[in-house]
Ligand code: UDP
Ligand code: MG
């Protein structure tokens, strides 16, 4: 019999975990596979870890890994995927926004030979601003980035062992999963599910974190933003030269009229602004190189379930 690993990153999910687990258990009954759970505690500050310990004690197929601090969802995902031993992996959130009820369908497509079965959510019930911002982001990102990203498609998906190994072979430190999933390719199937409003606890995204996520996404994939910097620089220089020529000609026709305070100041401000933006862009890339060269691990483990320790020994 084949084995399915369910990987769940958990950060301060004490209110969701048991509910999630009950729900998942109910649904995976219909999946003709051996099931294992890999729960990753991403340095939670609440009772998440002790709940996971209990679950792992009670049930043989529940494994957990606990980080020494909060390393972020991307790190939790990679840890979970590394520890998964199944023929296929389902990656999902703990807050039931990813309904376990579609796991059987995902499995069905996996059996049919798909390597990535991607769950796409519609955005029903989300607030207007969030919808707009997401839409804008995808439009911009797809223009700038070489990989295609679809709105409503997140981390919730099934990966075959082959796709999983491909993903794990990408070892970069700055991980932008959405892009990486798309970058690896393989045979994909998209299935839809109804958007769920988070049942318990708080969502961890606010406007700034979404903006940062967006910038990361664009910068992790290629150097087009640097190219944009070069083009804008060229355009502005060109406009500057045209303007100088106009002044120069004007001088011969009309003589000096008003002192050019306004134009001088606006040129300084404009150029100063543009330069700062692109210094920032360049700085971002250098920052990324800096982080990559440090070659630090994505996460540090504080504690694992007993079974995990046996495996490592
Ligand atoms: N998560 C995590 N580390 C973090 C933030 C979130 O492991 O630093 C987990 C969280 O427990 C949940 C999933 O990632 O299982 C998605 O988080 P959330 O629901 O806050 O995000 P959203 O659903 O808004 O994308
Ligand atoms: Mg959520």
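The values are calculated or read from the model by the stated rules, or taken from the named source; none is laboratory data. Because the structure is predicted, anything quoted here is derived from the model rather than measured. Here the Cβ is made from the backbone with ideal geometry for all residues, glycine too, and neighbour counts use every protein chain on show.
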Within segment 5-28, restricting to residues that are crowded, with 24+ Cβ neighbours inside 10 Å and more than 10 Å from ligand 1 (Cβ to nearest atom), the one that is nearest to residue 68 (Cα to Cα) is 7
Condition set within 20 Å of residue 15 (Cα to Cα) and modelled with pLDDT of 90 or more, scope segment 57-72, selection nearest to ligand 2 (Cβ to nearest atom): answer is 70
message = Taking the criterion of being farther than 16 Å from residue 156 by Cβ and either within 15 Å of ligand 1 (Cβ to nearest atom) or assigned to a loop (DSSP other than H, G, I, E, B) (or both), would at least one residue in segment 101-112 satisfy it?
response = yes
Taking segment 55-78 and keeping only residues that are touching a strand residue (DSSP E or B) at 6+ places or on another chain (Cβ under 7 Å) and more than 10 Å from ligand 1 (Cβ to nearest atom), one is left with 55, 56, 61, 62, 63, 64, 65, 66, 68
- Go through the residues of segment 9-17 one by one and say whether even a single one is closer than 24 Å to residue 161 by Cα and at pLDDT 90 or above. yes
When residue 130 is run through (1) more than 16 Å from ligand 1 (Cβ to nearest atom); (2) farther than 17 Å from residue 10 by Cβ, the failure sits at (1)
Note on segment 22-59: residues part of a helix (DSSP H, G or I), touching a residue at least 40 places away in the same chain (Cβ under 8 Å) and within 27 Å of the chain's Cα centre (by Cα) are 23, 24, 27, 28, 49, 52
The residue from 105, 13 that alone is closer than 20 Å to residue 121 by Cβ and within 16 Å of ligand 2 (Cβ to nearest atom) is 13
Considering residues that are farther than 19 Å from residue 73 by Cα and in contact (Cβ under 8 Å) with a residue 24 or more places away in the chain, the number found within segment 152-171 is 4
Residue 4 vs (1) in contact (Cβ under 8 Å) with a residue 60 or more places away in the chain; (2) in contact with a strand residue (DSSP E or B) (Cβ under 6 Å, 6 or more places away or on another chain); (3) within 15 Å of ligand 2 (Cβ to nearest atom): all pass except (3)
Exercise. Is it true that some residue in segment 73-96 is at negative phi, free of Cβ contacts under 8 Å to residues at least 60 places away in the same chain and within 16 Å of ligand 2 (Cβ to nearest atom)?
Worked result: no
Q: Kindly establish whether residue 304 is more than 16 Å from ligand 2 (Cβ to nearest atom) and surrounded by 10 or more Cβ atoms within 10 Å (Cβ to Cβ).
A: yes
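Need at least 2 residues that are within 16 Å of ligand 2 (Cβ to nearest atom) and at pLDDT below 80 per element, so show me which helices (runs of 4 or more DSSP H) inside segment 174-271 make the cut, counting only ones lying wholly within it.
177-184, 207-221
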key: Verdict on residue 66 being under 25 Å from the mean Cα position of the chain (by Cα), more than 20 Å from residue 177 (Cα to Cα) and assigned to a loop (DSSP other than H, G, I, E, B)   = no
